[in-house]
Amino acid sequence: MNYDFTNRAKMITYVLMGIGLIAMITGFVGDSHRVWPNLLASNFFFLGIGLFGLIFLSKQYLTQAGYGVIYKRVPEAISQYVLVGGPIMLLILLAGNHHIYHWMAEGIMDPQSEHFDPILAAKEVYLNQPFFYIRAFIYVGGWMWAAYALRKLSLQQDLNGGIIFHNKSITVAAAFVVFFAVTVSTSSWDWIMSIDAHWFSTLFGWYNLAGLWVSGAAVTVLLVVYLKSQGYLKDVNENHLGDLGKWMFAISLIWAYLWFSQFMLIWYANIPEEVTYFQMRIEHYRYLYFGMVIVNFCAPFFFLASRDAKRNPMFIVAVAVLILLGHFTDAFIMVMGGTVGTHWSIGFVEIGTFLGFLGIFLFVVQRSLAKASLNIENHPFLEESIHLHH
Amino acid sequence: MLVRNQQKTTKKMSKVIHALYDDDVKLLDCVKELRSNEIHIKDVYSPYPVHGLDVAMGIPRTRLAICAFIYAMTGLAAAATMMWYMMIVDWPMNIGGKPSFSFIQNLPAFIPILFEASVFCAAHGIVLTFFLRSWILPGVSNKNPDPRTTDDLHLVELVDLDDNELSEAMKILKKSGAKEINEK
């Protein structure tokens, strides 16, 4: 049974995209410095969710796991956002340039210039524009290839059966996992950490990986519950939901662990060049910043710890929404702290841009859900997945 | 099938029936069948955890998780009190110029210990609770009715059945493909 992408649902995504476009235009007419970071934060957030789709599929293939097979179209559909969000990311990086990245500014690496910054000049080997864009193209290219290949092989598997396409998927998944393990770190260094180019944190990549993983799990939960409520995915029951709930719970704790590890070492050492990052965020984003940490840690920890809570659709949806808001706020503060800094605000531009990207994301996901049957066929672990029981 | 120690029918008895299985699927079917005929199962012994057996036997879910939470909170509170007394009240120390007279401002430094203490108390607490609750203690003799259940056989134990139940149970056990049925 294919998902029915109704005209009403299409309309909603168009309206959201329209709001995003208007927000972007008003932003550029007003203060263009506010728009670029917003575009980056929103697209980074949704691209991360798209990448979660790829991680989830690869992980399933590589570990020969059966539990997620019957709702595997959902992570597949999510992963298709990489095909759209990837190129958008490249556009934002190419056009945003020094509006986002201080180290790209004119003369900053030039000893003759009055803008010369010796610390940034010392990082020129890695932080220079040609290499930066080459890297960005490699990351996005690799991810897009994986998103395309995994989806195509999965559909062929359904069509033809057998084990050939499944084995090919495993090969793609293995290649992607190795590639992604490196690029998730380097891409978050490049795109997010280099905004605060003087500052660095060695676990920044894992921190972002945990963030995108938990956001993606939350989106998967929302989509699975939504599809089930619409009468699709009939075989999905509370056992499957419980598994997704466990992902949200576990990765939220990893995220909190990494956040705290990053925070505590810097807080303890109290070295001026390191604390600037947190000083900006704690002094000027105080309630948003700590609110985000509390929501992202406490909501899953206290609400999802019990087994029954993880198997209750209403409960898990509420926590998933909280987590998504929390992790978007995290991405927002990561980008805003280094770009607009003290001049941040949450207004039409910020909310509108987010809604715009939400519109694109929902459009891509629903279109891809509508393209192929939600009922999986011929997957070697299908039976195991249907009879999943804890 | 081997039926040992078969006695002549008696009216009221407190007999113990042990049915042994070499297949966990047969065991599960038998347990479900017995339960649907409202025959009380004293216990089932098996060499490894049989998936779905606790549900089939109607055993309520463990409350060990609630204990774990309580122990973790106890550990958290104990560690917090300890550090508050040592580091703030009794002997404040200047470590890296941190404000040494405030618990809340030093909290990031205390969190790893709070975490470890919670885990320590939760882990040891649930293990000891489990031992106590299942009475697995040094010097306690084992309750295993047949040593073969530690090797390759599953055992269903039925006790205190009246005549009707007994005949019903024997029928089910024989039908279910038990390897051996012992009455004592």
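The values are calculated or read from the model by the stated rules, or taken from the named source; none is laboratory data. Source: prediction; values computed, not measured. Cβ sites come from the backbone with ideal geometry, for glycine too, and all protein chains shown count toward neighbours. Keep in mind that these areas ignore ligands, DNA and RNA; they rest on the heavy atoms of the full protein, side chains included. Shrake-Rupley method; radii C 1.70, N 1.55, O 1.52, S 1.80 Å.
Descriptive notes on the structure:
- Chain A - percent relative contact order, Cα under 8 Å, separation 6 or more: 35 percent
- At R0 = 45 Å, FRET efficiency that the Cβ-Cβ distance of A:GLU273 and B:THR62 yields, to 0.05: 0.30
- Positive-end residue, chain A charge dipole about Cα centroid, Cβ charges, pick of A:GLN157, A:LEU358, A:VAL340: A:GLN157
- Magnitude of the charge dipole, the protein assembly as shown, Cβ model with Lys/Arg +1 and Asp/Glu -1, debye to 20: 1340 debye
- Selection from B:HIS51, B:MET170, B:ALA80, by position along the positive dipole direction of chain B (Cβ): B:MET170
- Summary of the geometry: the stretch A:290-349 and the stretch B:13-30, compared by the centres of their Cα atoms, lie 52 Å apart.
- Reach of B:LYS143 by Cα under 23 Å, taken over lysines that are not fewer than 8 positions away in the same chain: B:LYS15, B:LYS42, B:LYS179, B:LYS184
- Computed [θ] at 222 nm, helices only, for chain B once each DSSP H run of length n ≥ 4 contributes -39500 (n - 2.57): -14000 deg cm²/dmol
- Label-to-label distance, nm, for residues given as B:VAL55 and A:ASN7 (7 Å Cα→Cβ offset): 4.5 nm
- For the stretch A:18-121, GluC sites (Glu not before Pro) meeting the loop criterion (DSSP other than H, G, I, E, B) and having at most 11 other Cβ atoms within 10 Å: A:GLU106, A:GLU114.
- From its DSSP helices (H runs of at least four residues, each -39,500 (n - 2.57)), chain A gives a residue-normalised ellipticity at 222 nm of -26000 deg cm²/dmol.
- Note on B:THR150 and A:TYR226: the model spin-label points, each 7 Å out from Cα along the C-beta direction, lie 5.6 nm apart.
- Heavy-atom accessible area, 1.4 Å probe, ligands and nucleic acids excluded: residues of the stretch A:259-277 down by at least 40 Å² from chain alone: A:PHE260, A:TRP267, A:TYR268
- Heavy-atom accessible area per residue - chain A, 1.4 Å, Å²: 42 Å²
- Heavy atoms of the protein chains alone define the surface here; on that basis the stretch B:64-133 has 65 Å² accessible area per residue at 1.4 Å probe size.
- As a fraction of the 1.4 Å probe accessible area of the protein assembly as shown, surface on carbon and sulfur atoms comes out at 66 percent.
- Fluctuation leader among A:SER32, A:SER113, A:SER185 - chain A, Gaussian network, Cα springs under 10 angstrom: A:SER113
- Size of the A/B contact, given as accessible area buried on both chains, probe 1.4 Å, in Å²: 1000 Å²
- Theoretical FRET efficiency, 1/(1+(r/R0)^6), r = Cβ-Cβ of A:HIS343 and B:ILE70, R0 56 Å, to 0.05: 0.70
- Fully extended contour minus Cα-Cα distance, from A:HIS390 to A:LEU203, at 0.36 nm per residue: 63.9 nm
- Out-of-range pairs (alpha-carbon distance over 25 Å; input A:LYS10/A:LYS310; A:LYS59/B:LYS32; A:LYS152/A:LYS310; A:LYS10/A:LYS72): A:LYS10/A:LYS310; A:LYS59/B:LYS32; A:LYS152/A:LYS310
- For chain B, a simple Cβ point-charge model (Lys and Arg +1, Asp and Glu -1, everything else neutral) yields a dipole of about 260 debye relative to the Cα centre.
- With both labels modelled 7 Å from their Cα along Cα-to-Cβ, the B:ARG133 to B:GLU165 distance reads 2.5 nm.
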